[in-house]
Structure formats: C-alpha cells, structure tokens
Amino acid sequence: MENDSERNLYLTPIFFRWIILANVVLLRAVGAKDVPYSVIIIVFFYNLILSFFLKPIRASFKRRPSLLSLDFLFCGLILYLTGGWASPFYLYSFAPLLVAALLFKYRGAVFAASAFSLIYSLVLFLNGYNMAAIAKMGRLDSLISNYLSFFLIAIFFAHPASLIDKLETSRAEISRMKEELERVNLSLSISVELGPLSERELEIFMLVAKGKSNREISSELFLSEMTVKNHLSNIFKKLKIKSRDEAANYFLDESSQIES
C-alpha cells in the first residue's frame, strides 16, 4: 500500500498538466498566444480522464510500460498542432517524462527522455523547423537546451522516486526486525517467568502449549517419546499443573500478562 508521500509524488504530474493548461488558457485570453479552442478542450478532457482514473492508468503503465508511449504521442501531437517550436504547450510535454521517471526511476527517465527527444525532433521537422532553419534563426543553443532539459527534468524526478523506494524497503525491514525483537523479548520474558524449568523443559513446554503431541515433539527435538514424557512429568510437577490443556492455558496467561 502506498503512503501519503508516495501518493502525493504521483499526483505531481497531474497538477503539472493542469497548471500548464491554465497558463495556456490565460495566454489565449490576453491574446498573447493564438491557441485553437479545440486543442484546449481536447487537453482539458485528457487531463480530466487522467485525474479521475489516475490509479488504474498508473497501474496499466507499470504493467505495460509501452502504453506510456501513447502519452508521449499525445503530447507530441499537441505540440505539432500549436506550432512546435513556439508552442505554449512545450512545458506540458514534460508531464509524461515525470510519469516515466516516477514509475521506472533512472532507467525509465533516460529512456523516456531519449524517446521524447525523437518525437520532439519529428514535431519540429513537420512544423518546418529543420536544422538549417533553426541555425538560420540563431537558435541552435536553445534547441540543445531543450533536449538537455528533457533529460535533466526526468532524472531530477527519478531521484525522489528512487529514495521513496529505498525508504519503503527500509521501513519493511525495520518492521520485520521489530516483530522479531518482540517475539524474542516475549520468549525471554516467558523464560524468566518459567524460571524453575530447564532449557530443554522450556522447549518442550512451549511446544506442548502450541498443541504439539509427544510424537511431534520427539521428532522435532530428536528425543524419544519416553524422554519427552519424563520431561513433561517434571514440568507438570514444577509448575503444579496436571494436563496439557492447563499447560497451554498457563502459557497463554503468562504471555498476556507480559504483553500487557
């Protein structure tokens, strides 16, 4: 089960998409960018679907990483429809990079950034921005920065996702160690309460309390059944009990008192 920090981290790409869309709407409203309303509506409903079905969609991406390519292609299409180089949706295209980084860590980040670099190159070409045109504009440095930003952003988000995975592993290990320590502490506490018994008698007593038969005890401890019976006789005398049921009840009473 994911914790709050992990859930909030996975919500980041969703908030990111909505913020970029809101910015595009604002630019369109003030006349700074002539973005078709049809594109804005498409992106709005796309964001809506991702928001409402975040968990199953994320699970699908995790089971079949190739499905993430659909998100890349959608972002590439939006860039193409809104001008490519000068598209106000340029930052929106970072969203699937964040998803890939969060789901698949560093390897996913590098692969996603590489794949989207190819899509971005195709989008620029289809919009008439080939290498010669970009060089003529004196924007080769900007183009290189754009490609570099894909990798930097993806790797940047892969880092906290990787840390969360390590923290979850450490938390599970600490929980396991805590349970083991509690078990050992209980066993030691019971041993103190059952001081009159020898180490072997304590072993046999605890197995009897768990409902083991003499044959099962003899097999587990590599003793003869007669030896087990003799030990049981001594145990019953020392603890002043008369039956196996009383032994089990005695053990449960001591355990509950120690735990409380």
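Things to note:
- Of all stretches in the chain that contain no trypsin sites (Lys or Arg not before Pro) in a DSSP loop with at most 16 other Cβ atoms within 10 Å, the longest one is 1-138.
- Most fluctuating residue given options 98, 126, 79, as computed from a GNM of the chain linking Cα atoms under 10 Å: 126
- Cα long-axis angle, helix 54-63 against the chain (0 to 90 degrees, to the nearest 10): 80
- FRET efficiency, 1/(1 + (r/R0)^6) with R0 41 Å, evaluated for residue 178 and residue 49 via beta carbons: 0.45
- For the chain, the relative contact order works out to 15 percent when only alpha carbon pairs closer than 8 Å and six or more residues apart are counted.
- The residues of the chain present an accessible area of 60 Å² per residue when probed at 1.4 Å with all protein chains retained.
- The overall shape of region 31-157 is oblate: from the C-alpha gyration tensor, with semi-axes ordered a ≥ b ≥ c, the ratio a/c is 1.5 or greater and a/b is no larger than b/c.
- Extreme residue, positive dipole direction of region 24-131, given options 120, 98, 72 (C-beta unit charges): 98
- The number of Lys pairs in the chain with C-alpha atoms less than 29 Å apart, excluding pairs fewer than 8 positions apart on the same chain, is 23.
- Taking the 1.4 Å solvent-accessible surface of the chain as the whole, the part contributed by carbon and sulfur is 64%.
- Cα gyration tensor, the chain - rounded (a/c under 1.5), prolate or oblate: prolate
- Taking Cα atoms only, the orientation of helix 199-209 departs from the longest principal axis of the chain by about 70 degrees.
- Residue-averaged [θ]222 nm for the chain, counting only DSSP H segments that reach four residues, each worth -39500 (n - 2.57): -27500 deg cm²/dmol
- On Cα atoms only, tilt of 244-259 relative to the major axis of the chain in degrees: 50
The values are calculated or read from the model by the stated rules, or taken from the named source; none is laboratory data. These numbers were taken from a predicted model, which means no experiment stands behind them. FYI the Cβ positions are ideal-geometry reconstructions off the backbone, even for glycines, and counts take in every protein chain you see. The accessibility values were calculated without ligands, DNA or RNA, using every heavy atom of the protein model including side chains. Shrake-Rupley method; radii C 1.70, N 1.55, O 1.52, S 1.80 Å.
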